[in-house]
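Have a look at the structure below, then the notes.
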Amino acid sequence: MLIAYWIIAGILAVVYLLVGGTKIIRSRAQLDESGMHWVRGANPAVVKLVGLIEILGAAGLILPPLLSKAVVLAPLAAIGLVLVQAVAIGVHMQMKDAKSLPLNIALLLLAFAAAWIGVLTLPF
């Protein structure tokens, strides 16, 4: 099960580092052009904050277990990413953007699995 945690956490970390970094680096107009239409009505600071939260969540999945320090933070980071995706699903549903929902649901399920497997297998 520990291998399953690392595979899931690795996938999530790569996705959230890329997506979160993109939200921090690019402007709202560039994000809108790339398909992130939810940014149209969002405050630019909120978009950057979401990107920062995603990057911190990715780091929280990997660094504590890798360094064997404060390992309990890894499942907590995964729970945080579950919450991020729950909000994202709500936003996309409110915007009637059904195209994004399958990816959001998949990321939510992966984050939930990382939290669950992390609690069961990571040495606290």
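Observations
- Per-residue ³J(HN,Hα) for the range 23-35, Karplus 6.51 cos²θ - 1.76 cosθ + 1.60, θ = phi - 60°, Hz, x for Gly and Pro: 5, 6, 7, 8, 7, 4, 4, 5, 5, 4, 5, 7, x
- Of I25, I55, I89, the residue with the greatest mean-square motion in the GNM of the chain, using alpha carbon springs below 10 Å, is I25.
- The chain: angle of helix 73-94 to the longest principal axis, Cα-based, in degrees nearest 10: 20 degrees
- Among A77, A13, A98, the residue with the largest mean-square fluctuation in a Gaussian network model of the chain, with springs joining Cα atoms closer than 10 Å, is A98.
- Considering only alpha-carbon pairs that sit under 8 angstrom and 6 or more positions apart, the relative contact order computed for the chain is 31 percent.
- Radius 10 Å from Cβ of L31, net charge of other residues (Lys, Arg +1; Asp, Glu -1): +2
- Summing Cβ point charges (Lys, Arg +1; Asp, Glu -1) relative to the Cα centre of the chain gives a dipole of roughly 180 debye.
- Applying 1/(1 + (r/R0)^6) with r as the Cβ-Cβ distance of F112 and L17 and R0 = 22 angstrom yields a FRET efficiency of 0.70.
Every number here is computed from the coordinates shown, using simple stated rules; none is lab data. Just so it is clear, the structure is predicted and the values come from calculations on it, not from any experiment. Quick reminder, even Gly has a Cβ in these numbers, built from the backbone with ideal geometry, and neighbours come from all protein chains shown.
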